[in-house]
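A short write-up of the structure that comes next.
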Amino acid sequence: MTELRLGPLLRHVDETSASVWVETASAGTVTITAGNHTGSAPTFRVHDHHYALVCVDGLQPGSKTPYTVTFGGELVWPIADSPYPPSVIPTLDHAKPLRMAFGSCRTSVGHGKAGNDTHGVDALRAYALRMAGVTDTAHPDDPDPGEEVRWPDLVLFLGDQVYADETTDEMTAFIESRRDIEQAPWTELKDYEEYAHLYCLAWSDPANRWLLSTVPTAMIFDDHDIRDDWNTSRAWKDEMEATDWWHGRIVAGLGSYWVHQHLGNLSPDERAEDEIWQRIVGSDGSEEYDASALLDAFAERADQEPSSYRWSFARDFGDQARLVVVDSRAARVLDPEHRSLFDDEELAWLDGQLCGGFDHLLIGTSLPFLLAPGLHYVEAFSEALAGGAWGKRLASRGETIRQVADLEHWAAFQEAFKTVTAMVLEVARGERGDAPGTVTFLSGDVHHSYVSEARPTRRGNRGQAPTRSRIIQAVCSPIRNPLSRKWRFATAFLSYGVAGPIGHVVARSAKVPNAAMTWKLLKGPWFDNNLATLEVTGRGLRMWWARGQVDGDDHEHPRLMTVADLTVD
């Protein structure tokens with residue numbers, strides 16, 4: 001197995017085709033064989049790492065076909081004597097209710113007692129063991145007790161798939177083997193080689209590796225994929241760019257993200273229009289294409305000119321759902337006079353994607369669109385304060401508060417929040433096609449989970465038709481990176497306690513805009529490591545959150561346990 005360094009990862013899958021991503025230890029040709037169907041691709045090189053994305057097409061809709069991976073003519077997957085079932089390609093069947101898992105924030109430490117004591121049980125791994133039939137299915141708090149679990153059609157990872165700034169002991173040891181960690185950027189990541197190692201740590205555990213090989217995945221970054229508070233403000237970016245290490249970090253971070261996460265989000269048609277991918281596959285094939293300089297230049301431009309590349313993407317699942325996954329980090333406009341979560345090109349694209357005609361409109365955004373109401377207005381106040389609404393002297397204090405308190409969600413970018421709220425209400429009123437059963441935001445980031453429901457205020461809907469869609473915010477965070485008990489209490493107290501009356505006060509300020517919607521908590525918050533699952537039930541949804549539970553001392557085999565369950569009719 002030395003020739004297959006990482007993967008296979010099953011990425012974009014539709015009714016008849018599938019894309020499989022691998023990293024190999026050397027140059028060569030990778031072949032995927034699924035029944036009578038095969039696909040092959042040569043590797044391409046990025047900073048001495050070798051990758052391939054292989055497309056297999058002609059598959060039957062709704063089929064579940066075992067597959068193998070060969071490299072240089074030798075079988076490299078599945079692993080001999082694996083305790084897990086054969087990896088399969090499950091193509092979509094739109095007659096079957098869509099089932100999608102989602103969550104965010106996952107660190108990579110060991111799965112024994114020591115790792116579980118510090119970071120809790122990995123909910124993704126517990127999910128994998130349950131899928132594989134390795135752990136107990138008969139317990140009454142299992143999500144599907146006594147039944148063979150139905151695999152999700154997709155796992156959507158909503159940010160912080162890797163932590164480039166908060167490294168584990170294992171990652172720190174690798175960094176220390178290469179350079180002096182007493183010098184900047186210390187134990188944080190510096191270059192592509194370190195990012196490649198971090199992804200290997202994140203995706204190489206055997207149970208998780210099996211899950212990623214057999215369930216399609218989609219991904220979007222959040223700040224820790226690059227650095228905490230990434231692009232929170234112009235002041236933050238200026239501070240980073242004044243260092244002698246940030247340029248290497250952002251180039252490596254975005255370049256490795258394109259290779260490891262973004263490329264697999266794209267459909268075959270989208271890859272055919274992707275300039276970077278076409279440069280790679282358009283080479284003459286006489287030798288392995290070295291994409292290092294190409295990706296470095298691309299990443300530098302994407303950072304300095306965000307409108308030059310779109311990281312957001314969308315997928316339709318028949319008439320059941322449209323999934324729109326939004327970049328809420330890289331496309332930000334940081335000009336203090338015109339702050340926005342999106343540049344004009346990104347906003348125009350999003351405007352074209354948010355429409356009805358589906359049973360559900362699902363909007364994936366790493367940052368929750370709807371925070372606790374009080375906290376929403378505190379963040380809106382912080383934006384006004386940092387923007388100079390009460391003078392320049394207080395503006396600098398506002399910027400400090402914004403960074404220290406992580407006040408950087410949608411609410412702290414009121415222009416984008418108001419614009420997208422208007423779009424969502426138009427969808428819910430049926431002004432952009434037949435109104436869906438729900439408009440549901442799927443988010444992570446905040447290290448606790450909850451569900452809220454919104455409706456237009458009388459003022460926000462004055463003179464308009466009534467909304468016909470339920471507007472839901474569902475959050476699942478973390479998958480594996482829990483807050484300490486002290487910070488759990490502080491988060492609950494500040495977000496759902498103190499922020500309420502403070503938010504009520506600041507909302508009265510003429511300089512803090514009123515939202516066109518009001519919302520309330522339906523369920524939560526809870527702070528477990530967990531992975532959420534959503535299933536379409538016609539025009540309704542069932543959602544549940546599950547975590548890993550260690551029974552006795554068997555830390556390697558946690559069972560899956562339901563944390564919360566909610567039906568939206």
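Rule-based calculations on the coordinates, nothing more; no lab input. If you're wondering where the values come from, they're calculated on a predicted model, not measured in any experiment. Positions of Cβ are backbone-derived with ideal geometry, glycine not excepted, and every protein chain shown enters the neighbour counts.
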Span from the segment 479-533 Cα centroid across to the segment 27-55 one, whole angstrom
45
Just in segment 333-438: which GluC sites (Glu not before Pro) are loop by DSSP and have at most 15 other Cβ atoms within 10 Å?
Glu337
Tell me the trypsin sites (Lys or Arg not before Pro) within segment 370-466 that lie in a loop according to DSSP and have at most 12 other beta-carbon atoms within 10 Å.
Arg458, Arg459, Arg462
What angle do you read, to the nearest 10 degrees and between 0 and 90, between the alpha-carbon axis of helix 344-353 and the longest principal axis of the chain?
80
Among beta bridges assigned by DSSP with both residues in the chain, the antiparallel ones amount in percent, to the nearest 5, to 70
Could you order the peptides 97-103, 371-377, 384-390 from most to least packed, using the average number of other C-beta atoms within 10 Å per residue?
371-377, 97-103, 384-390
Segment 228-328: radius of gyration and largest Cα-Cα distance (Dmax), Å
16.0, 50
Quick one: 3J(HN,Hα) in Hz for segment 531-538, Karplus 6.51/-1.76/1.60 with θ = phi - 60°, rounded, Gly and Pro as x.
10, 8, 10, 10, 10, 6, 10, x
Pairwise over distinct Cα atoms, reciprocal of the mean inverse distance: report the Kirkwood radius of the chain in Å, one decimal place.
24.3
For the chain, what is the number of Lys pairs with C-alpha distance below 23 angstrom, counting only pairs 8 or more positions apart or on separate chains?
8
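For the chain, what does -39500 (n - 2.57) per DSSP helix run (n ≥ 4), summed and divided by total residues, give at 222 nm, in deg cm²/dmol to the nearest 500?
Working: 16 runs with 159 residues, N = 569.
Calculated at 222 nm, the ellipticity per residue is -8000 deg cm²/dmol.
Taking the convex hull of the alpha carbon atoms in segment 421-469, what volume per residue do you get, in Å³?
91
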If you average the C-alpha positions of segment 2-17 and of segment 211-231 separately, how far apart do those two centres end up, in angstrom?
17
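Mind checking the alpha-carbon convex hull of segment 160-279 and giving the volume per residue in Å³? Could you put the intermediate results ahead of the total?
Values: hull volume 15.2 nm³, N = 120.
Here the figure is 126 Å³ per residue.
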Label 7 Å along Cα→Cβ of Lys418; segment 377-393 residues with amide nitrogen under 17 Å?
377-390
Could you give me the percent of Cα pairs per 5 Å distance bin for segment 525-569, shortest bin first, beginning at zero and ending with the bin that holds the maximum distance?
6, 21, 22, 17, 15, 10, 5, 3, 1
Degrees between helix 414-428 axis and first principal axis of the chain (Cα, 0 to 90, nearest 10):
80
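What is the percent of Cα-Cα separations in segment 370-452 that go past 17 Å?
57
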Could you work out the per residue convex hull volume over the alpha carbons of segment 42-159, in cubic angstrom?
187
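Of the DSSP beta bridges with both residues in segment 295-370, give the percent that are antiparallel, rounding to the nearest 5.
Just about 50 percent of them are antiparallel.
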Rank Val149, Ile79, Pro268 by how far each Cα sits towards the positive end of the charge dipole of the chain (+1 on Lys, Arg Cβ; -1 on Asp, Glu Cβ) and give me just the farthest.
Val149
Given N residues in segment 326-417, what is Rg(Cα) / (2.2 N^0.38 Å)?
1.18
Compute the long axis of helix 392-404 from its Cα atoms, compare it with the longest principal axis of the Cα atoms of the chain, and write down the angle in degrees, 0 to 90, nearest 10.
40
Report the semi-axes of the equivalent ellipsoid for segment 462-569 in whole Å, largest first, where each axis is √(5λ) for an eigenvalue λ of the Cα gyration tensor.
33, 23, 8
